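Inspection log for the structure reproduced underneath, given as structure tokens.
The values are calculated or read from the model by the stated rules, or taken from the named source; none is laboratory data. For clarity, every value in this text was computed on a predicted model and none was experimentally measured. We place every Cβ from the backbone using ideal geometry, glycine too, and count neighbours over all the protein chains shown.
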Amino acid sequence: MPEELTYKKIFYFWMPLAATWLMMSVEGPFLTAIIARLAEPKFNLAAYGVAFSFALIIEAPVIMMLSASTALVKNYHSFTKLKNFVYSLNLLLTVLILIAVIPPVFNFLAIDLIGLPPNVAHLTHIGLFILMPWPGAIGYRRFYQGILIKYNKTKRVAYGTVIRLIAMSITALILYFFTEVHGVIVGTASLSAGVIAEAVSTKFMTASILKKIPVEGQSVETDLTYKEIFNFYYPLALTALISLGVHPIVTFFIGKSYMAIESLAVLPVLNSLVFIFRSLGLSYQEVGIALMGEKMENYKSLRNFAIGGGAFVFVGMMLIANTPAADFWFRSISGLTNELAEFASLPLRIYAFIPVLTFYISFQRAILVYARKTQPITFATTIEVGVIILILFVVTKNWQIAGVIAATIGFVFGRTAANLYLISPFRKAVTLGK
């Protein structure tokens, strides 16, 4: 008889992963708070947000590598095949970011396409250049983190994030106190330093596990092929690409909207706060994949835990968004001016619905990845992005509403549409899995 999966066991398995995402969620508020206290905070915050959006879309194809290595690494053969796959992907993405920082290419994207003011575009170019190591380091460490999760070493994932935060914080504080560089340089250099340190430490922490990965269980019929990896992974990569690709699109619409600079300045601050609560749901996806069992015998326990987790983040986010805690966050922690803090209050109340929707979609995706039915995930994300773009287009073209308000409305309605679409394939995957 398999050992019963209790809520306590789920919690202890999930907690290091949740702590990892929570620690990463501190990164954004910490850096935006420093940038907000340096010279020309409005322009540097806007440039930091845009540069980070560019880096996110370029790294998108490797974001789901954490789920892929958790689900696919069964023996040394599958480990080697997946490693070769992710290394090749990392190289391709590094080349892409190198192309993006070529001045004519960048100027077309930032000035001609998005419409950034020249001073913000210049700062953004510097920031994106510093973020060149970002995509490769992300893909590298997410591949090895998946192996740590697969072999129930979730605490080591958290240890890697501690190292990342230490490296990031030291870099940021040195640049803040001992140099006079632009705020966008402080932010992007700290991000790059942190993720490189985490990638290297994660590789070292998997060394003992790699020696124990079984060689047996391989045959011509069961060998994982590159074609199977591609067929499994491309919907996930496309999902991440579409999902993260919406950020530059949102930036494009905000850049041409009412109160554009103010909206670009507060959006990274809003994202940083909401990400703290979103992170709890994002971390649950790998929990569902790893603990589901051979025949989904742990489905009910994992589902109930997800429902409780979603309720928790919903209540917590609403309490902050609708009390003086929001004002304390914007002014005292994030360092926004009174004008920007007041401007950010309404979009935060709208944005507050995202964490609970994220928790539930993470569990829906976990079931589909476990069942190797990844295509519906891509379709759901396409619907989500389509709704976001439609709302932004309609609102910014027809009403004089601040761009950040239009964006947060789009994010909430888009995620809701994705949740609703996944209900049917989710139920089919559960039925087939049992």
Please enumerate the residues belonging to the range 319-361 that are within 21 Å of A418 (Cβ to Cβ) and of a type in the set (A, V, I, L, M, F, W, C). I350, A352, F353, I354, V356, L357, F359, I361
Filter the range 22-40 down to the residues that are crowded, with 20+ Cβ neighbours inside 10 Å and modelled with pLDDT under 85, then identify the one that is nearest to L148 (Cα to Cα). M24
When you scan the range 3-96 for helices (runs of 4 or more DSSP H) that lie fully inside it, which ones turn up with 2 or more residues that are more than 30 Å from N231 (Cα to Cα) and in contact (Cβ under 8 Å) with a residue 24 or more places away in the chain? 7-36, 41-63
Step by step: first the residues of the range 355-408, then only those that are polar (S, T, N, Q) and touching a Gly at 6+ places or on another chain (Cβ under 7 Å), then the one that is modelled with the lowest pLDDT. Which residue is that? T396
Grab the helices (runs of 4 or more DSSP H) fully contained in the range 258-374, keeping just those with 3 or more residues being touching a residue at least 60 places away in the same chain (Cβ under 8 Å), within 16 Å of the chain's Cα centre (by Cα) and more than 21 Å from L432 (Cβ to Cβ). 260-282, 354-370
Quick one: which residue in T431, T416, T381 is within 21 Å of the chain's Cα centre (by Cα), β-branched (V, I, T) and surrounded by fewer than 24 Cβ atoms within 10 Å (Cβ to Cβ)? T416
Sort out for me the helices (runs of 4 or more DSSP H) sitting completely within the range 126-231 that have 3 or more residues that are farther than 26 Å from K81 by Cβ, in contact (Cβ under 8 Å) with a residue 60 or more places away in the chain and of a type in the set (A, V, I, L, M). 154-178, 183-205
Conditions (1) more than 15 Å from the chain's Cα centre (by Cα); (2) assigned to a helix (DSSP H, G or I); (3) aliphatic (A, V, I, L, M); (4) over 16 Å from L236 (Cβ atoms): number failed by L116: (2)
Scan the range 78-136 for residues that are charged (D, E, K, R) and buried (at least 17 other Cβ atoms within 10 Å of the Cβ) and jot them down. K81, K83
Of L336, L273, the only residue that is aliphatic (A, V, I, L, M), at pLDDT 85 or above and either surrounded by 24 or more Cβ atoms within 10 Å (Cβ to Cβ) or closer than 30 Å to K74 by Cβ (or both) is L273
Could you tell me how many of the residues in the range 302-330 are charged (D, E, K, R) and within 22 Å of S283 (Cα to Cα)? 1
